1. What does the highest-first list of 106-114, 134-142 look like by mean Cβ count within 10 Å?
2. Starting with the fewest neighbours, write out 273, 258 ranked by other beta-carbon atoms found within 10 Å of each beta-carbon.
3. Neighbour counts of other C-beta atoms within 10 Å: give me 253, 242 arranged from fewest to most.
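What follows draws every value from the coordinates through simple rules; no lab data is involved. It should be emphasised that the depicted structure is a prediction, and the values quoted were computed from it without experimental measurement. For neighbour counting, all protein chains shown are included, and Cβ atoms are generated from backbone atoms with ideal geometry for every residue, glycine included.
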Amino acid sequence: MKRYRNSWSRFSLVLLSLVVAFAMLCSACLPWRRPQMPPGHNAEPPAPSQTVHRVLFIHGWQGLVKDFSHYYPAAVERLPAHCEIYIVTGLSNTMGGLDDNNDTVVDEIETFLDSNNIPLENLHIVAHSMGGLAARRFVTRHPGAARQVFLLGTPRGGVRAFHGVNLSGWCTPSCIDDFNAANPPAPIVECFVVAGNHYRSRGSGAFWERLPNDGLISPSIVLHFLDLCGDSVQVTARVGNLTHPDWNWGANLLRSEKVVSWVIDRIEEDLVK
């Protein structure tokens, strides 16, 4: 009887292992989430009388298209038919981090728009980190093209890595000052600047900023951007309980989804104006 029980136990363990392995295989092969739609996807075509709006998601330094995987399905699902949604692809990995003036990334954004037949009007730009600097440069180069710009964790000064070593390019204080002078916020563009303050320990990451911060960028960017905007630019500024990856990487799904909802709510408000 004991031998029979041991054999049954081994059989049960093998069977359970096979079931788990099959479940993992299905998880890897089957799309549990809504499949990603092609650029500009609409569930139904807009009415002829409706003005078409376009939402552009721009990732940050060395970012990937999948970084906006939480935004894209939510935007497709919630925004109306006359609002097209795009994740901008084909951008340089440096995203301005290694060049002093890096118009290359802006050229690549323009190439993306041209290849998708996207006109330079009624654009809503959602940009993370260094992508926000590319977005600001794009707005300067194309006045009147954008209605809204969302800057999520976008640096306003030097990003000091590894206990005080400044990164090159737009990240350094001297370069960012020149950049801000050449690319002031546009009065005709509604701006949203959001910063995170979840990191409160200097040992929580490799980057060294004034505490609290998001692990890379200090919330002082909010005050600095408000100063840049002055009284002539419509700007909404927020500081949230977020880390730098939370904006779009899904490192913390709850915090990421809050940002997703807030951004899409602001776009919906503009669509009904």
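1. Ranking the peptides 106-114, 134-142 by packing returns 134-142, 106-114.
2. 273, 258
3. Ascending Cβ contact count within 10 Å gives the list 253, 242.
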